[in-house]
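J.: Structure incoming, see below.
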């Protein structure tokens, strides 16, 4: 008999039968398999970004001179805004774990509370990203100039009248005015073809594509969280005495947080 | 009797899996992630050479991934064969990083 077989087998021998090697239900495992494939997609995007940034290192913009805005502060504050976005996403990951934890204990009210905060965190993050995109696309009042000799000069909205180059050199006063007067082109803001941050469209392209792809994942996550929130609220999981659905969307949500950790490092820190 | 024994084993392991991630651990992981991020932002403003900074950021990113995947996504408390199933495919990603950066250096420089 099968029970006899499992009795003679030591529990440590994983593959000798009577024991599920993964000990996991299929729904949760399918979510994991999807996340592995999604992780490969994001890895490919970030590695492509890394390879091209490495190739064009000499003209690639310094992120500290691009993402300098912060609401209500008229100064250059690099990293603070994305730091805040990172904080929001980590925080919403914590509330998601607490929702999963409450679900394990079959506590409907607590699951709803924590899932609700996770949705709030998701909306805060999406709003922050919209603000970030707005400033990236709008750019500064004066933008950047492609000079007659082919060099790429940026302006600084806090110091009108100066021009600065990617290697750190600065030109001021009449000399700057003369260079501007003979400039071939003035670029303001960013789109897929050109941007005022550096003399390569790749910087803007990767920014839009990778943060956009991640942002769409966050949006999908918020939608999934809202669906599960409604299901919990209407007592669907309560009747089944099974809150594994919360765990499945939780896995997706943490994965979105994980991807942001990598985007934060490779787009803003490095 | 033997069935009972089996039940007890699997029930005990499930109990272990759940109790391993209590509210206290969740908040501990939160503080670790927050402090690592604050540390990263802080050192980016110092005069430490860029090469050292880049490798520090990459190492700390892997530390953060460990806590998110291990604790938040609960992988640390899943069965060992499942952990291998999830993690092993990423050897290919390491290989891809190597090819992309190695070949990327020559991109567009060799006449076609």
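The values are calculated or read from the model by the stated rules, or taken from the named source; none is laboratory data. All values reported here derive from a predicted model rather than from experimental measurement. Every residue, glycine as well, gets a Cβ built from its backbone with ideal geometry; the counts of neighbours run over all protein chains shown.
J.: Do you know which residues across segment A:169-179 are crowded, with 17+ Cβ neighbours inside 10 Å and either assigned to a helix (DSSP H, G or I) or outside the structural domain of residue A:149 (by TED's automatic domain parsing) (or both)?
T.: So in segment A:169-179, the residues crowded, with 17+ Cβ neighbours inside 10 Å come out as A:171, A:176, A:179.
Matches in segment A:169-179: A:176, A:179.
J.: I've got another one for you. So residue A:124 ticks every box in (1) surrounded by fewer than 20 Cβ atoms within 10 Å (Cβ to Cβ); (2) farther than 23 Å from residue A:270 by Cβ; (3) more than 19 Å from the chain's Cα centre (by Cα) but one. Which box is left unticked?
T.: Of the numbered conditions (1) surrounded by fewer than 20 Cβ atoms within 10 Å (Cβ to Cβ); (2) farther than 23 Å from residue A:270 by Cβ; (3) more than 19 Å from the chain's Cα centre (by Cα), the odd one out for residue A:124 is (3).
J.: May I pose another question? For segment B:95-112, which residues satisfy the criterion of being closer than 18 Å to residue A:47 by Cβ and not in a helix (DSSP H, G or I)? Before you say what the answer is, go through the steps one by one.
T.: Residues of segment B:95-112 closer than 18 Å to residue A:47 by Cβ: B:95-108.
If the condition is that a residue be closer than 18 Å to residue A:47 by Cβ and not in a helix (DSSP H, G or I), then B:105, B:106, B:107, B:108 are the ones that fit.
J.: Right, something else. Which of the residues that make up segment A:116-140 are under 30 Å from residue A:163 (Cα atoms) and free of Cβ contacts under 8 Å to residues at least 60 places away in the same chain?
T.: Of the residues in segment A:116-140, the ones under 30 Å from residue A:163 (Cα atoms) are A:128-140.
Within segment A:116-140, A:128, A:130, A:134, A:137, A:138, A:139, A:140 qualify.
J.: Being over 20 Å from the mean Cα position of the chain (by Cα) and over 30 Å from residue A:76 (Cα atoms) is true for just one of B:104, B:70. Which residue is that? Outline the logic, then answer.
T.: Numbers: B:70 fails: over 20 Å from the mean Cα position of the chain (by Cα).
On inspection, the qualifying residue turns out to be B:104.
J.: Report yes if residue A:215 is touching a helix residue (DSSP H, G or I) at 6+ places or on another chain (Cβ under 8 Å), closer than 20 Å to residue B:68 by Cα and crowded, with 23+ Cβ neighbours inside 10 Å, otherwise no.
T.: Values: touching a helix residue (DSSP H, G or I) at 6+ places or on another chain (Cβ under 8 Å): yes; closer than 20 Å to residue B:68 by Cα: yes; crowded, with 23+ Cβ neighbours inside 10 Å: no.
No; evaluated as a whole, the condition is false for this residue.
J.: Does residue A:209 satisfy the condition of being buried (at least 19 other Cβ atoms within 10 Å of the Cβ) and either modelled with pLDDT under 95 or under 22 Å from residue A:144 (Cβ atoms) (or both)?
T.: Numbers: buried (at least 19 other Cβ atoms within 10 Å of the Cβ): no; either modelled with pLDDT under 95 or under 22 Å from residue A:144 (Cβ atoms) (or both): yes.
Criteria not met by residue A:209.
J.: Please return the ranges of helices (runs of 4 or more DSSP H) entirely within segment A:188-258 where 1 or more residues are closer than 30 Å to residue A:53 by Cβ, within 19 Å of the chain's Cα centre (by Cα) and in contact (Cβ under 8 Å) with a residue 60 or more places away in the chain. Write out each step before concluding.
T.: Values: elements: A:201-206, A:212-233, A:236-240.
Those helices (runs of 4 or more DSSP H) span A:201-206, A:212-233.
J.: Do you know which residues across segment B:95-107 are more than 7 Å from chain A (Cβ to nearest Cβ), modelled with pLDDT of 85 or more and surrounded by 11 or more Cβ atoms within 10 Å (Cβ to Cβ)?
T.: Looking only at segment B:95-107, we keep the residues that are more than 7 Å from chain A (Cβ to nearest Cβ), and these are B:95, B:98-99, B:102-103, B:106.
Filter once more, keeping what is modelled with pLDDT of 85 or more: B:95, B:98-99.
B:98, B:99 - these are the residues of segment B:95-107 that are more than 7 Å from chain A (Cβ to nearest Cβ), modelled with pLDDT of 85 or more and surrounded by 11 or more Cβ atoms within 10 Å (Cβ to Cβ).
J.: Looking only at segment B:69-85, filter to residues that are within 19 Å of residue A:19 (Cα to Cα) and within 8 Å of chain A (Cβ to nearest Cβ); which one of those is surrounded by the most Cβ atoms within 10 Å (Cβ to Cβ)?
T.: This residue is B:78.
J.: Separate question: I need the full set of residues from segment A:169-187 which are more than 29 Å from the chain's Cα centre (by Cα) and under 21 Å from residue A:67 (Cβ atoms), in order please. Walk me through it before giving the result.
T.: Here is the first cut: in segment A:169-187, the ones more than 29 Å from the chain's Cα centre (by Cα) are A:169-186.
Answer for segment A:169-187, where residues must be more than 29 Å from the chain's Cα centre (by Cα) and under 21 Å from residue A:67 (Cβ atoms): just A:170.
J.: Which one of the conditions (1) farther than 17 Å from residue A:166 by Cα; (2) surrounded by fewer than 17 Cβ atoms within 10 Å (Cβ to Cβ); (3) assigned by TED's automatic domain parsing to the domain that holds residue A:119 does residue A:184 fail to meet, given that it meets all the rest?
T.: Of everything listed in (1) farther than 17 Å from residue A:166 by Cα; (2) surrounded by fewer than 17 Cβ atoms within 10 Å (Cβ to Cβ); (3) assigned by TED's automatic domain parsing to the domain that holds residue A:119, residue A:184 misses just condition (3).
J.: More than 7 Å from chain A (Cβ to nearest Cβ), closer than 30 Å to residue A:100 by Cα and assigned to a helix (DSSP H, G or I): which single residue out of B:53, B:88, B:34, B:92 fits that description? Give the derivation first.
T.: Working: B:53 fails: closer than 30 Å to residue A:100 by Cα; B:34 fails: more than 7 Å from chain A (Cβ to nearest Cβ); B:92 fails: closer than 30 Å to residue A:100 by Cα.
Result: B:88 is the single residue among B:53, B:88, B:34, B:92 that is more than 7 Å from chain A (Cβ to nearest Cβ), closer than 30 Å to residue A:100 by Cα and assigned to a helix (DSSP H, G or I).
J.: Still on this structure: Go through segment A:141-168 and report how many residues are in contact (Cβ under 8 Å) with a residue 12 or more places away in the chain, assigned to a strand (DSSP E or B) and farther than 17 Å from residue A:59 by Cα.
T.: Total satisfying the criteria: 4.
J.: Do we have any residue at all in segment A:36-57 that's more than 10 Å from chain B (Cβ to nearest Cβ), outside any helix (DSSP H, G or I) and surrounded by fewer than 20 Cβ atoms within 10 Å (Cβ to Cβ)?
T.: Within segment A:36-57, none of the residues are more than 10 Å from chain B (Cβ to nearest Cβ), outside any helix (DSSP H, G or I) and surrounded by fewer than 20 Cβ atoms within 10 Å (Cβ to Cβ).
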